[in-house]
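Okay, so here's the structure we're looking at.
The values are calculated or read from the model by the stated rules, or taken from the named source; none is laboratory data. Since this is a predicted model, take the numbers as computed values, not measurements. Positions of Cβ are generated from backbone atoms using ideal geometry, with glycine treated the same way; all protein chains shown enter the neighbour counts.
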Amino acid sequence: MIEILDTALPTIVFILFSLLTIPVVKTIRKRKSGKTAFKVGWFSVAFIIATISVVNLASKYYAQPSPQPFLNITLTAEPLAMFSSTFLVDAVSIYMAIIFTIVGAVVFMYSLFYVDSDEKLSERYYSIMLIIIGCVIGTAFAGDLLTLFIFWEATAAGSSFLMLYRKTPKSLHATLKYLVMIIIASAFIVYGLSIVYALTGTLNFWAVKNALMALGDKHLLEIAFIFIAAGYSIEAAVVPFHMWLPDAYTAAPASSSAFLSALVDQGSYYVLLRVLIYILTPPTVMPWTFMFAVLSALTMVVGNLLALTERNVKRLIAYVCIADVGYNLVAITSVTPLGIMGNLYFFLAGGITTALSFMTVGIFNSMGFKTLDDFSGIGRKMPLTSLALTLAAFSFAGVPAFAGFIAKYLVFTSAIEANLSWLAIIGVLTSVVQAAYLLRLINYMYAKKPQEEAKIKEPKKLLAIILILVAAIIVLGVYPTILLNLIDPVIQQLPFVP
Amino acid sequence: MQNALLLTLFLPTLAVPFVYLSGKKSSRMPAFLIALICIINIALLSTTVPSILNGADHKYVESYYWIPVLHSSFTLFVDGISFSIATITLILILTAALFSINYMQEKKGLAEYYALLTLLSIGLVGVFITSNLMLFYFCWELMLVPTYFIIGGWGYREPYKAAFKFFIFTHAGAVFVLLGIGAIFMVTGDLDIFQAQTALMTANPELVKWILLSLTAGFAVKMAAVPVHMWLPDAHSEAPAPMSALLSGVIISAGAYAILRVSLGTVFPAVMATDFGSLFLHGLTVFGILSAFFGSLIALVENDIKRIIAYSSIAHMGYVLFGLSLFPFQEAITGTVLHLVNHAVSKGLLFLSAGAVMKQLEIRDIREMGGLVGQMPITATSSTTAALSIAGIPPFACFISEFLIFVGAFQTINNDNFYLLPTALMLVATVLSLAYALRFVGHIFLGSAKHEKVTDVPFFMKLAMIILMAFVVILGIWPTFFIQLITSVSFV
């Protein structure tokens, strides 16, 4: 039997450790040696306990004779249960919790080495990262629209601190932009939610869904849908609401960009997936597929074209993230089991690929290489880091034997399956554009002559983390069955009949 | 052997780090390692010959667990066609590696070069010996990445530009292949080419039509048929000679093989009886003729030693397309596949010889060359052999296969009048190919010597050329073995 504690435990662990981090790490500030070892140990404990709690939840869930799709856990007993804050455990949320924990751990370790521990605010930085992981896992287990909203907004608010960390004018500007967008988005969402509440009298996922299915007049629901969809689209950086993302990701330190792209970005896709597929299931509840098909086409085209004209490498990767939103939307739009599979695969594959590229670009940036011209001939100066970035680029471009290929294959096939062949064609054409500008980056790295010949020492500890991710994209690309088996239970519990 | 085919793919995969490490120590060791792997792989492939010739369905299959969710198993198979092309591929890789010992010796980064070559060999062989479309696509794109870096890293003039063009063109082609594969998966729920064939028979013909077009367009880019040939002259002429030999010999053949195996073998039967079926074949004919004439005519006026050969490759892919358009006539298909084999060795030899000339003279314009026959006798012999084979002169390899294609064409004319004019035009094109072949040999090796103190190439380059020369002659005189293998495959 799954108790409320089992469900909330991963979130609680992260939040608890987040609170403890500042005092604990502060105590070792004065020490001369062993600081890094202590910190690695401390955060490893956090992640190990969190992993155990996630594994505990997963094993309890799958130990049931037939795992229920919507395992509903409320704080209050009947009859008030409908109005209470609700947690939800199903195959999707467990899958998301697992990948958030794993990817979070890897990216966190990178930040640990990347952000100099003597910096004044470093312990605050770690603490915020932990609390974001906690909140994003909380989002995955939210069972009603309000809980989802609260956890998700907490994640977004936490993200803004990561962007602000360096406190340069640029980052202030970017954070302001982000906050304004997020506040507009949350206003939209709250407005939409209030209409949904008025229509159904509840915010609980499945109660809402059932009430909406029985709804006769859907005009009000359409208005609510527009607001909710717009709000969550802003947070997921769907074109035309993407303007905040390149600035935010460029202004943040590389470790935060990696973190944001690998966790918060994927979290926002999860929210879209949950709301669009699981609650507003088309076509019975709300036929929104065409609208999102157009948005996804727009996102793929605009994201890739902007990247094509960009010369700042970190910003270029940020535009690739926008293009990835488009590919994710293609899969959501298809509303097929294959598409959902592709989506969940993309959450991990896309997440680690973007994280990997932000990490490597972060190393280059910290050496003063920022634009494409600076990257000239860097392949010979820093061979390992360049190789990692090159492999990430191939994974983005959807070249086989890398994780990105399987994700794209699933996504495009699902679009064909859903009779959206035009979307699949736009998708493959834009991914050729993607290959073009990523190859241009590789061209700069290997073909051009460097400005000076001297070899540069590569940071060993950061490279170790990077190599883990490189191995992951190759393994997931060659033998995707590992992850697909993990996704399989989700496909057994889809809310629509394929 | 039980796992022969699996080993052919895993042996080079496991060897990559060893090749790389040995390349750090010595400049010859990695080439020998690659040669050794190729020989072992040829031996492994040969163990399947009895089941190809005498087996019930004339093929040998191995299947392993891979991605059950996508209905993909790691299925490897060989039949007569796969075996012939895969063997020739391995021979070309072997000679390319040996040739590189001397050819590349002054270059930097040889460890990376040989490691990439090993990586390339996995994709090159894999694409011919799998019947699972997902695995096929893996190998298809695995040809791309190492080639990109080899052309870019060790090519001539502006190599990364040529490599970029190559990558983008063929990748754009590949995504259409991917769309086709996705659609096949969606329609049939299977990715095995043989099972998909039966399943497609009952599918919606309108959709099958689009699948066929999408796949064929994608494959045609790799094959460099006119009008999607633009990447080939640059990529082939800027690449280092061993890579050009592989590009021209094997990589573009992979495009032709894929059209035969996937487009025609798997998808086409579903629409064969319809009007669209014959329209499709006629379309192939037209593009074949265009490629043959375009390639030959430009080869006639081009002065760059490697670009002549590159354009001649476009012309020969024209013959192959013409041969494919005669599907499913047995002689024509046998001739086409045999032409892929023969063209691979002949063109490989020609590129290696051109590389030898370029290496010794360090110029590329054939007008500045002349009279090299006395100074470089071995290279001159090998070039002449290759050029005559390319021109379709007996007793060299390409004669037999071109002859078979024309026999097939005449048979087809009995059924379909359309082929009357194309066949006549193709006969004219062979005259053109003789013209540029003679021009090539004449300018470079005959006439008065324009350079002094030119010597013939070092040992390993000679060895590589002699091996291929032997194949060109043997395949010309005694093609029976391959013909026997290829005719054991039946498509319809």
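Computed quantities for the displayed model
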read-out	value
Any hit, segment A:374-386, residues being in contact with a Leu (Cβ under 9 Å, 6 or more places away or on another chain), of a type outside the set (A, V, I, L, M), away from chain B (no Cβ under 12 Å) and assigned to a loop (DSSP other than H, G, I, E, B)	yes
The lone exception for A:Asp265 - which of (1) crowded, with 24+ Cβ neighbours inside 10 Å; (2) more than 20 Å from the chain's Cα centre (by Cα); (3) of a type in the set (Asp, Glu) it fails	(2)
Total residues in segment A:396-408, condition under 15 Å from B:Ala172 (Cα atoms) and in a loop (DSSP other than H, G, I, E, B)	3
Residue check for A:Ile406: under 20 Å from the mean Cα position of the chain (by Cα), modelled with pLDDT of 90 or more and either more than 18 Å from B:Glu141 (Cβ to Cβ) or away from every other protein chain (no Cβ under 12 Å) (or both)	no
Which listed residue is part of a helix (DSSP H, G or I), at pLDDT 90 or above and surrounded by 17 or more Cβ atoms within 10 Å (Cβ to Cβ), from B:Leu475, B:Leu438	B:Leu475
Within segment A:433-450, tally of residues that are more than 8 Å from chain B (Cβ to nearest Cβ) and free of Cβ contacts under 8 Å to residues at least 40 places away in the same chain	0
Some residue of segment A:409-425 being within 8 Å of chain B (Cβ to nearest Cβ), closer than 20 Å to A:Ala349 by Cβ and in a loop (DSSP other than H, G, I, E, B)	no
Residues of segment A:1-52 classified as acidic (Asp, Glu) and buried (at least 17 other Cβ atoms within 10 Å of the Cβ), total	1
Count of residues meeting criterion [at the interface with another protein chain (Cβ under 10 Å from one of its Cβ atoms) and either over 30 Å from the mean Cα position of the chain (by Cα) or aliphatic (A, V, I, L, M) (or both)] in segment B:198-210	1
In segment B:141-174, the residues that are under 27 Å from B:Ile193 (Cα atoms) and more than 8 Å from chain A (Cβ to nearest Cβ)	B:Met143, B:Pro146, B:Thr147, B:Phe169, B:Thr170, B:Gly173, B:Ala174
Residue in segment A:392-401 that is surrounded by 16 or more Cβ atoms within 10 Å (Cβ to Cβ), of a type in the set (Val, Ile, Thr) and within 9 Å of chain B (Cβ to nearest Cβ) present	yes
Count of segment A:175-206 residues which are touching a Ser or Thr at 6+ places or on another chain (Cβ under 7 Å) and in a helix (DSSP H, G or I)	3
Any hit, segment A:359-374, residues being without any contact (Cβ under 8 Å) to a residue 12 or more places away in the chain and small (Gly, Ala, Ser)	yes
Residue match in segment B:385-392 (condition: modelled with pLDDT of 90 or more, closer than 20 Å to B:His451 by Cβ and hydroxyl-bearing (Ser, Thr, Tyr))	no
Breaking point among (1) buried (at least 21 other Cβ atoms within 10 Å of the Cβ); (2) within 8 Å of chain B (Cβ to nearest Cβ); (3) assigned to a helix (DSSP H, G or I), for A:Thr430	(2)
Criterion violated by B:Glu106 - all others in (1) of a type outside the set (S, T, N, Q); (2) over 23 Å from B:Val127 (Cβ atoms); (3) in contact with a helix residue (DSSP H, G or I) (Cβ under 9 Å, 6 or more places away or on another chain) satisfied	(3)
The one condition in (1) in contact with a Phe, Trp or Tyr (Cβ under 6 Å, 6 or more places away or on another chain); (2) surrounded by fewer than 24 Cβ atoms within 10 Å (Cβ to Cβ); (3) under 29 Å from A:Gly104 (Cβ atoms); (4) of a type outside the set (Phe, Trp, Tyr) that A:Met367 fails to fulfil	(1)
Filter result for the condition that a residue is touching a helix residue (DSSP H, G or I) at 6+ places or on another chain (Cβ under 7 Å), more than 16 Å from A:Ala248 (Cα to Cα) and in a helix (DSSP H, G or I), over A:Ile332, A:Ile322	A:Ile332
Hits in segment B:211-224 - residues which are closer than 21 Å to B:Leu247 by Cβ, away from every other protein chain (no Cβ under 13 Å) and among the aliphatic types (A, V, I, L, M)	B:Ala220, B:Met223, B:Ala224
Subset tally (residues that are assigned to a helix (DSSP H, G or I), more than 10 Å from chain A (Cβ to nearest Cβ) and not β-branched (Val, Ile, Thr)) for segment B:181-197	4
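Rundown of residues vs (1) of a type in the set (A, V, I, L, M); (2) at pLDDT below 95; (3) farther than 17 Å from B:Ala241 by Cα; (4) touching a strand residue (DSSP E or B) at 6+ places or on another chain (Cβ under 6 Å), yes/no style:
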| site | (1), (2), (3), (4) |
| --- | --- |
| B:Met134 | yes, yes, yes, yes |
| B:Glu141 | no, yes, yes, no |
| B:Val145 | yes, yes, yes, no |
| B:Pro159 | no, yes, no, no |
| B:Thr170 | no, yes, yes, no |
| B:Val187 | yes, yes, yes, no |
| B:Ile193 | yes, yes, yes, no |
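Residue-by-condition table, conditions (1) buried (at least 20 other Cβ atoms within 10 Å of the Cβ); (2) of a type in the set (A, V, I, L, M); (3) in contact with a Phe, Trp or Tyr (Cβ under 9 Å, 6 or more places away or on another chain):
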site: B:Pro328; (1), (2), (3): no, no, yes
site: B:Gly371; (1), (2), (3): no, no, yes
site: B:Met376; (1), (2), (3): yes, yes, yes
site: B:Ala387; (1), (2), (3): yes, yes, yes
site: B:Ile390; (1), (2), (3): yes, yes, yes
site: B:Phe403; (1), (2), (3): no, no, no
